[in-house]
Every structure is written in C-alpha cells, then in structure tokens.
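Step one of this worksheet: look at the structure below.
What follows draws every value from the coordinates through simple rules; no lab data is involved. Model, not experiment: these values are computed from the prediction. Glycine also receives a Cβ, built like all others from the backbone with ideal geometry; neighbour counts cover every protein chain displayed.
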Amino acid sequence: MNAPPPSFLHAARSGDPIAAIDTPALVVDLDAMERNLASMAAFATRHGLRLRPHAKTHKCAAIAQRQIALGAVGVCVQKVSEAAALADAGVSDLYVSNEVIDPVKLARVAELVRRGRRISIAVDSAMGVDRLAAALQAARGGASATLVDVFVEIDVGQGRCGVRPGAAGDLARHVGSLGDASGMRFAGLQAYHGHAQHLRSAREREGAIGDAAAAVRSALAALDEVDVPCPLVTGAGTGSFAIEAASGVWGELQCGSYVFMDRDYADNAPQPGAPRFEHALFVKTQVVSRGDDHAVVDAGHKSHAIDSGLPVVWGRDDLGFANGGDEHGIVRRAHDGVELPELGATLWLVPGHCDPTVNLHDVMIGVRGGLASGVVETLLRVDARGCVR
Ligand SMILES: Cc1ncc(COP(=O)(O)O)c(C=O)c1O
C-alpha cells in the first residue's frame with residue numbers, strides 16, 4: 001500500500017502488534033473492510049450495475065485502487081482538490097459528482113484531463129457547462145480524444161443541487177450543442193438522494209427512492225422530448241442502493257460509506273435484499289483518568305466527528321459514551337452493576353460518521369487479524385485529507 005507522510009508522530013509501524021498502537025488512532029480492520037468491498041462488488045455484478053464508489057469516505061488512493069481492482073469503474077469525488085490528490089496518487093478515473101462553477105477550479109479540472117486522467121463531472125447550469133468548455137479549450141486549444149463526461153444533476157428530493165427533472169432535456173441539449181470540439185459530451189443523469197440515506201426504516205427509504213425514481217423517469221421523458229439519449233443514470237448511497245438497484249432506473253451505484261460502516265448507518269433498519277456491512281473503522285483510545293462513576297478516554301472530537309452523533313464503544317453495549325470536549329471522551333455505565341474500564345484500558349470507538357472522521361487524520365492504521373490480537377499490516381495515507389476546495 002502507499003507510503004505514509006513524513007511524520008514523527010505515527011501511532012504505529014507495520015509489523016507492530018495491535019496493542020502497540022499509540023492512542024488516539026484511526027484504525028481500519030482490513031479483514032472487515034475487504035469483506036465489505038467484496039460484498040458490494042458482488043452485489044453490483046449480480047445486478048448488472050456499474051459501481052463507482054464514493055472516495056469522499058476514505059480519501060485514500062490505496063483503497064480506491066482496491067475498489068477498482070474488484071471491478072469498480074473508477075471512483076467519485078466531491079471536490080476538485082480531492083480529484084487532484086487522488087490523481088497524483090495514481091487514480092486515473094475520477095467523477096466529480098458535484099457542481100463546480102469557479103473558473104480557477106475548472107482550470108484544474110482541465111489540467112487533470114490534459115494530464116491524461118479520465119474525468120467526469122456533474123453540472124446543473126448552462127453557466128457551469130460553458131465555463132467547463134472554456135477551461136477545456138484553454139488547457140488544450142482544441143478537441144482531444146478523451147472527452148469529459150458531463151452528467152446533468154437533477155434534484156430528486158434532497159433540495160440541494162440539481163435542476164428540476166423537467167429541465168434536464170434543455171441542459172443536456174445545451175451540452176450536446178457545443179459538440180465534441182468543446183471537449184465534453186453528455187453522459188447521463190446524476191440522481192442522488194442524500195436525505196434518503198439515513199431514514200431509519202426500509203419503508204421510509206423505499207418511499208423516498210420511489211419518488212426519486214419518478215423524478216428520474218420524468219427527466220428521461222424530458223430528454224426524450226428533445227431527442228437526447230441518456231447513456232447512464234448514476235447515484236445511490238449506502239442506505240438505499242438496493243432500492244435504486246431494484247428500480248431498473250439507475251445503471252451505476254455511488255455508495256461510499258459501506259467500506260467502513262459507521263454508527264449512523266448501523267442505526268438504520270436493514271434493507272431487504274442489501275448485503276450487511278461490518279464496522280471496519282475504529283478509533284483506538286485508552287482510559288487516562290478514572291472517577292467513581294466514569295472513565296475518561298483520550299479521544300475527543302478532534303479524533304472523531306460528532307456531526308451525526310457520538311461514537312459507541314465497540315462490543316460494550318453496557319457502556320455509554322459522552323462528549324468530553326476536543327481531546328476527551330466520557331464513558332459511563334449504561335446501567336447499575338457494570339464494571340467501568342480500568343486506567344490504561346483500551347477501548348475501541350465506532351465513529352458516528354466515517355467521512356469527516358477520516359478527514360481528521362493523516363493516516364489510517366490497517367490491521368489484520370482482528371482488534372483483539374491483530375497486527376499492523378499497513379499505514380493507509382489519507383491522500384485527500386483537507387481537500388475541501
Ligand atoms: C453525490 C453523492 N454520491 C454518493 C454518496 C455516497 O453516499 P454514502 O456515503 O452514504 O454511501 C454521497 C455522499 O454524500 C454523495 O454526496
């Protein structure tokens with residue numbers, strides 16, 4: 001796997017026993033992660049769907065390459081700087097599943113294309129399309145063999161980016177009207193419903209994705225009206241992909257979080273027909289102080305994101321976790337009679353939300369052989385850490 005960045009503070013080296021990992025540290029259970037990767041790859045194959053996992057979850061070229069080796073067509077990113085970081089680290093097929101409007105950023109997109117990366121991008125405005133075309137022209141000064149695939153994003157119910165489904169035809173036609181000389185081509189529809197992902201019951205998610213599928217069908221009708229064929233509909237996340245797959249409308253899945261499976265996703269009721277994923281991302285922490293009714297661990301919200309709620313203590317349903325600030329967590333008995341962990345004891349936290357937790361760390365420590373007695377196999381660099389532009 002890839003080399004870690006220079007640092008005097010690595011929590012571990014490969015070959016170390018798991019007990020030697022300094023705390024707090026972000027640890028990946030490689031066995032669990034690989035089972036997750038294989039389950040999703042098998043699901044996509046079984047359903048005849050393309051898989052383009054979202055790399056905003058792990059921001060790590062080594063994991064992206066593993067996903068591609070297992071059959072993914074490439075990965076999604078959300079930011080141009082993420083695309084650049086992963087491209088620099090060797091990932092060659094990147095879809096920016098997000099709107100980019102700033103000419104400076106679009107010039108960076110064009111530069112990635114010029115360097116031979118296969119780039120696709122989402123748009124939801126004629127201005128975005130025109131600026132992309134201008135950036136591609138400026139970088140190349142003419143048509144090239146590799147066209148940028150442009151996906152028109154439609155709002156399928158999230159109320160974030162995307163045109164109205166009925167407006168998809170006009171925007172797609174606008175892309176096509178610029179011709180291949182523009183350096184891009186209309187590649188299909190982006191239809192992702194973020195709000196559906198954490199609806200807790202399968203029935204609620206089915207309702208939301210059913211509405212999203214209806215929105216996609218009206219966008220397809222709008223494309224039909226202007227005689228623009230739609231090569232692909234791309235979207236779906238870890239909470240809903242089995243519903244998109246069953247709809248017959250989507251051709252590509254963009255799930256990201258399945259690789260690590262955070263606490264927030266584990267709180268969803270299972271989705272019939274979807275594989276079950278395992279927790280694979282943990283914060284190793286230790287008890288640094290003890291009171292009569294609580295233990296204090298050395299992992300606070302500089303070690304794990306709390307936007308989607310607090311972590312849970314892995315394998316200890318009898319312990320509750322409370323926020324103790326930047327650098328501390330407070331562990332209490334969930335009920336009377338529970339033995340609190342002793343000073344120096346190790347606990348493993350399952351983060352509430354994996355993506356922003358990963359973004360807090362330079363390196364993820366990959367262990368093999370389980371959390372009880374495994375060994376550090378590799379350090380996984382978070383190549384796109386901090387890439388928010
Ligand atoms: C456009 C898009 N596609 C796919 C995903 C992946 O979703 P998840 O991590 O929930 O699987 C996201 C996540 O925010 C997203 O924004």
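Some observations on this one:
- Conditions (1) out of contact with any His (no Cβ under 9 Å at 6 or more places or on another chain); (2) surrounded by fewer than 17 Cβ atoms within 10 Å (Cβ to Cβ); number of the one not met by residue 320: (2)
- Residue 38 falls short on exactly one of the conditions (1) away from the ligand (no atom under 16 Å from the Cβ); (2) on the phi > 0 side of the Ramachandran plot, and that condition is (2).
- Candidates 188, 248, filtered to the one that is under 24 Å from the mean Cα position of the chain (by Cα), on the phi > 0 side of the Ramachandran plot and away from the ligand (no atom under 16 Å from the Cβ): 248
- The set of residues in the stretch 45-71 that are surrounded by 23 or more Cβ atoms within 10 Å (Cβ to Cβ) and of a type in the set (Gly, Ala, Ser) comprises 55, 61, 64.
- The stretch 47-72 residues that are free of Cβ contacts under 8 Å to residues at least 12 places away in the same chain and more than 13 Å from the ligand (Cβ to nearest atom), paired with ones that are of a type in the set (Gly, Ala, Ser) and assigned to a loop (DSSP other than H, G, I, E, B) (beta carbon under 9 Å, 6 or more apart): 48/251
- Scanning the stretch 360-387 for residues that are among the polar types (S, T, N, Q) and surrounded by 18 or more Cβ atoms within 10 Å (Cβ to Cβ) turns up just one, 378.
- From 283, 228, 259, residue being among the hydrophobic types (A, V, I, L, M, F, W, C) and within 10 Å of the ligand (Cβ to nearest atom): 259
Residue by residue, here is whether (1) surrounded by fewer than 23 Cβ atoms within 10 Å (Cβ to Cβ); (2) hydroxyl-bearing (Ser, Thr, Tyr) holds:
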site	(1), (2)
129	no, no
140	yes, no
154	no, no
184	no, no
192	no, yes
198	yes, no
208	yes, no
226	yes, no
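- Residue in the stretch 201-217 that is in contact with a Cys (Cβ under 6 Å, 6 or more places away or on another chain) and either of a type in the set (Ser, Thr, Tyr) or within 16 Å of the ligand (Cβ to nearest atom) (or both) present: no
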